[in-house]
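Heads up, the thing below is written out as structure tokens.
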Amino acid sequence: MISELEEKMSNHTVTKAIIWGLVGGFIGTVIMDIIIAGLFLVVGMPVDLIYSFIGDVAQNFFLRIGINVSGGVPLGVLFHFFLGLTLGGLFGMLVTQIRALRLQSLKKGILLGIVYIEIASQPILVTAPLLIKMTTSDILQWYGLSTVMHLIYGIILGGVLSFQQKEKVLAKSAT
């Protein structure tokens, strides 16, 4: 039976991991967005196109469930960062609660971060062509760009949580 102290320590560990996941998710989202903005600048596309697109997809989703909201950049920014933070926090919780997913190395953290986000993002990505009209070329660009950008997000998320878990192990061995 788990003692009250062990339960509190376990809750503290989960909370800390979720916070680190939120941090990793935020950093991953920001870096991913900086790269997207740079890419769009290079090819002559509007820098905020990704936010506009995500906002329009979100608007169509809300309209289908009877909620009238404005789409575009503001909703896209809100949704993109909400998802980046939420998925990061969930990853933090998973890697501390499932023994097989514990991050004993940077390599494992990065690999799990990539696999996690590429799988977790698929249901979200598939909604775009279901909710708004997209050509085959648009869909291929959407999936291609998203896969590469989520690869970057996964590397950062896994790296941040690997660093956090390594620090935890070092602190534990120092006592």
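Key figures for this structure:
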quantity: Student exercise, the range 92-167 dipole from Lys, Arg, Asp, Glu Cβ charges, in Debye to nearest 20; calculated: 300
quantity: Given charges at beta-carbon only (K, R positive; D, E negative), |dipole| of the chain in Debye; calculated: 500
quantity: Solvent-free Debye scattering, log10 I(q)/I(0), computed from the Cα coordinates of the chain at q = 0.20 Å⁻¹; calculated: -1.28
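Readers should treat all values here as calculations from the given coordinates under stated rules, not as data from a laboratory. Predicted model, so just to flag it, every value in this text is computed and none were measured. Virtual Cβ from ideal backbone geometry, glycine too; neighbours counted across all protein chains shown.
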